[in-house]
Amino acid sequence: MKAELELKLQAYLDGELSAGDAREVDASLAHDPEAQQLLAELRTTVGVLRDNEPLMPLPESRDFYWSKIERAIESAQPERVQPLLAFWYSLRRILVPVAGVALVLFLGIASLKVNTVSDPLAHLAEVESLSEHVSSFSFRSQSQNMFVVWLHENADEQAATDSDDDFDDAVLQ
Amino acid sequence: MSRSPFRRPFQFAVALFLAMFLAFPVQAANLKLDAKLVWGSDEPSKEHKPVDPALAATLTNTFKWKHYYVITNVVTDIPSRETRKVKISEPCTIEITELEGPKIEVKVIGKGKPVSKTVKQIQKGEVITIGGDAENKCAWFIVITQLE
């Protein structure tokens, strides 16, 4: 049997064929036992499905059913939190950002301290005379925040020569 | 999965910490120094420019001379671990080297001959002065301060 005829038989059974097509199917059924058998099977299947479809009637109307759910949602009370737990939650809400800011400040100040830490030996200096004719002494004025190196010609050298090599006078010339 | 409430402040703190550590190399950048040759005298002079009042006060409070005048003023940038020669007068040059610490080494060279060497940790606001007697009961000073 052709697939086209099978489809037409289904449509015939459902009453969806035009009058012309229905007459054509009637003619085919008259001399085609296979088509007759298929039609009988289809009729049986439709009948079984129609008679045995389970029905689940709602106890109330659809609108009433959903309105009940909506009312239940609206009237739902938030879960009560224990007072101690609630206090902890509110405290945590404050403590977390405060702790974060404190940590940042601590790290910032610590880093600045690292960067600007004053070396207790910072005032120490090495002063070296590179000429045998020149001596030096140094001191630090704490009040003026000044470190001073004072250069002077050695006394015996100075007495011996009033030479052109007098460094002290030469600097300003 | 819930996120830890400490996560964001912690991330911020870590980022800040890293940023501060990354700032360390910036500190090791050029050392900007101001070097002045100053003449100290008991006699006033109209020919020379007096030092600024702050330095004048510092020098007056430390030394015996009444008047201090700027003869030369040189600002120099010294890259890390490098040396710069600064000519402060015809016969006198100073060689300043930036050292680890940060320290500076100041070598005074008079008439081409090294006279003294000073190695000192320099701090902002501190004044390093190398001086000596000059004729007519005057004095000379090489005043070094850190600008940056």
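The values are calculated or read from the model by the stated rules, or taken from the named source; none is laboratory data. Values in this document were obtained by computation on a predicted structure and should not be read as measured data. Neighbour counts are summed over all protein chains in view; Cβ atoms, including those assigned to glycine, are modelled from backbone coordinates with ideal geometry.
Here are a few things to note about the model shown:
- Residue that is modelled with pLDDT of 90 or more and over 14 Å from A:Ala11 (Cα atoms), where the choices are A:Glu34, A:Glu60, A:Glu53: A:Glu34
- Residues of region B:98-112 that are of a type in the set (D, E, K, R) and not in a loop (DSSP other than H, G, I, E, B): B:Glu98, B:Lys103, B:Glu105, B:Lys107.
- Members of region B:101-136 found to be among the β-branched types (Val, Ile, Thr) and touching a Ser or Thr at 6+ places or on another chain (Cβ under 6 Å), listed by number: B:Val106, B:Val108, B:Ile109, B:Val115, B:Val127
- Of all residue pairs spaced 6 or more apart or on separate chains, those with beta-carbon atoms under 7 Å, a first member in region A:44-73 that is outside the structural domain of A:Leu13 (by TED's automatic domain parsing) and a second member that is modelled with pLDDT under 85 and loosely packed, with under 10 Cβ neighbours inside 10 Å are A:Tyr65/A:Leu58.
- Spans of strands (runs of 3 or more DSSP E) in region B:1-93 with at least 1 residues loosely packed, with under 14 Cβ neighbours inside 10 Å, modelled with pLDDT under 95 and of a type in the set (A, V, I, L, M, F, W, C): B:67-78
- Subset of region B:113-138 [more than 7 Å from every other protein chain (Cβ to nearest Cβ) and either under 13 Å from A:Met146 (Cβ atoms) or part of a loop (DSSP other than H, G, I, E, B) (or both)]: B:Ile122, B:Lys124, B:Asn136, B:Lys137
- Listed by position, the helices (runs of 4 or more DSSP H) inside region A:1-95 whose residues that are touching a Phe, Trp or Tyr at 6+ places or on another chain (Cβ under 9 Å) number at least 1 are A:19-31, A:33-52.
- For region B:82-107, a tally of residues being out of contact with any Phe, Trp or Tyr (no Cβ under 9 Å at 6 or more places or on another chain) and either aliphatic (A, V, I, L, M) or facing another protein chain (nearest Cβ under 7 Å) (or both) returns 8.
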